[in-house]
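Visitor: Could you have a look at this structure, given as C-alpha cells, before my questions?
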C-alpha cells in the first residue's frame, strides 16, 4: 500500500488491517494513551473543495500522531494558477512526508501519486470517497460486530459515496442494494464490477432495496458543485428519503449512517436522524481514527 487513491486498489486484507489499527488507535485515544507514531512528519492538505470533517479530522489526526498538518488552499497555490499537477507533486515531495487532497477530478489525485515520491491520500473526489467508507466500515463493524451476512442499503444519488460503498461493501463480503432515480446511477464500470464480484442490487424501488437491511445509508441529494441542479434534484429525489416508513422494512435493529452534512426533511427525516444520532455521529468521529490508521500505514 503506497497510496490511498480509491478502494479498488486495496485488498480485503489491507482494508481489515486499516480497520484493526483504527480500532487500536481509537482505544488508545479514549484511554489517554499517546501514540506519536508520526513525530516529525508533515502532511500537506490540498483543498480545492471546502470541508468541515475532512480538514478537522486530518489536522487533528496528525497532531495526535505527533506530526504537523499544513492547510493548502488550491486557490492560493500555483496549482490553482495553471501549474501542472505533475510539477506540484515533484515540488511538494521535496518538502512533505505525505499529501492529502480533496478535489473534483480523480485524475488530479492519480497524477500527484504518479509523479510524486511521497504517499497521496484521496480526501474526496467526484468519483470516490475512500476515507469516508473506511470510517463507515469501521462503524458497521463496531455496531454490528462483523460484516458476515450483512446487507447495506444506500438511498439517494449514485455519487462518489455510492461508488465507494459498492467497492467497500463487496470487498468485505456484504450485500449492497442501491435505490436511486433513473439517470442518477453510480459509475457504470463499478456497477458492472459489483455485479461480477458480489451481490449488488440496483433499483428504483426503495422498499425492495431496504428489505431486511442491517444498515440504512444516505447522502445529500445535491453534492458540492451541484448547487445549480438543486431544484431539479429535489423533484427527482422527492421520494428517496429514509423515514420511519422505510425503516419499517429494514431489520428491527438496523443502524442508520449518513456521511454528513444532513438536510433534515430531504434525504433523511429529522425523526430518523435523531433516533440514530448515536451511530451517525460515532461514524463522523471514526473519520478521525480511520484516517489516522491510513496515515500511519502510509507515512510511518
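Visitor: Once every Cα of the stretch 16-60 carries one equal point scatterer and solvent is ignored, give the base-10 log of I(q)/I(0) from the Debye formula at q = 0.15, 0.22, 0.31 Å⁻¹, two decimals.
Guide: With no solvent term, the Cα-only Debye profile gives -0.55, -0.99, -1.09.
Visitor: Label residue 28 and residue 285 with points 7 Å out from Cα along Cα→Cβ: what is the distance between them in nm?
Guide: Going from the residue 28 label point to the residue 285 one covers 1.8 nm.
Visitor: Go from 0 up to the bin containing the longest alpha carbon distance in the stretch 3-146, width 5 Å each, and give me the % of pairs per bin.
Guide: With 5 Å bins starting at 0, P(r) equals 2, 9, 17, 22, 21, 15, 8, 4, 1, 0.
Visitor: With no solvent and one point on each alpha carbon, what is the Debye value of log10 I(q)/I(0) for the stretch 63-117 at q = 0.12, 0.20, 0.24 Å⁻¹?
Guide: The calculated log intensity ratios at q = 0.12, 0.20, 0.24 Å⁻¹ are -0.27, -0.75, -1.03.
Visitor: Fewest Cβ neighbours within 10 Å first, please rank 221, 193 accordingly.
Guide: 193, 221
Visitor: Could you tell me the largest-minus-smallest coordinate of the C-alpha atoms of the stretch 132-283 on each of the three principal axes, in descending order and whole angstroms?
Guide: Largest to smallest, the principal-axis extents are 40, 36, 26 Å.
Visitor: At residue 229 and residue 105, where each label point lies 7 Å from the Cα along Cα→Cβ, what is the point-to-point distance in nanometres?
Guide: Here the answer is 1.9 nm between the modelled labels.
Visitor: May I pose another question? Given the peptides 177-183, 99-105, arrange them by the average over their residues of other C-beta atoms within 10 Å, most packed first.
Guide: Packing order, densest peptide first, comes out as 99-105, 177-183.
Visitor: If one takes the longest principal axis of the Cα atoms in the chain, at what angle in degrees, from 0 to 90 and to the nearest 10, does the Cα axis of helix 53-64 lie?
Guide: Long axis of 53-64 versus the principal axis of the chain: about 50 degrees.
Visitor: Another one. Mind jotting down the distance between the C-alpha centroids of the stretch 100-135 and the stretch 68-89, whole Å?
Guide: The distance from the Cα centre of the stretch 68-89 to that of the stretch 100-135 comes to 14 Å.
Visitor: Ok, one more. Could you work out the relative contact order of the chain? I mean the mean sequence separation of Cα pairs under 8 Å and 6+ apart, divided by the number of residues, in percent.
Guide: 20
Visitor: If you rank 28, 274 by fewest surrounding Cβ atoms within 10 Å, what's the result?
Guide: 274, 28
Visitor: Relative to the longest principal axis of the C-alpha atoms of the chain, give the angle of the C-alpha long axis of helix 85-95, reported between 0 and 90° and rounded to the nearest 10°.
Guide: Around 60 degrees separate the two axes.
Visitor: Contour minus end-to-end for residue 260 and residue 203, with contour as 0.36 nm per residue of separation and end-to-end as the Cα-Cα distance?
Guide: Computed gain between residue 260 and residue 203 is 18.2 nm.
Visitor: Any chance you could get the radius of gyration and Dmax over the Cα atoms of the chain, in Å?
Guide: Gyration radius and largest Cα-Cα distance of the chain: 18.8, 55 Å.
Visitor: Separation of the stretch 1-19 and the stretch 140-189 by C-alpha centroid, Å?
Guide: 17
Visitor: Describe numerically, in nm with one decimal, the distance between label points set 7 Å from Cα along Cα→Cβ at residue 12 and at residue 239.
Guide: Inter-label distance under the simple model: 3.6 nm.
Visitor: Mean residue ellipticity at 222 nm from the helices of the chain, using -39,500 (n - 2.57) per DSSP H segment of n ≥ 4 over the full residue count, to the nearest 500 deg cm²/dmol?
Guide: -13500 deg cm²/dmol
The numbers here are math on the coordinates, done by the rules we state, and not lab data. Worth saying up front: this structure is predicted, and the values here are computed from it rather than measured. Quick reminder, even Gly has a Cβ in these numbers, built from the backbone with ideal geometry, and neighbours come from all protein chains shown.
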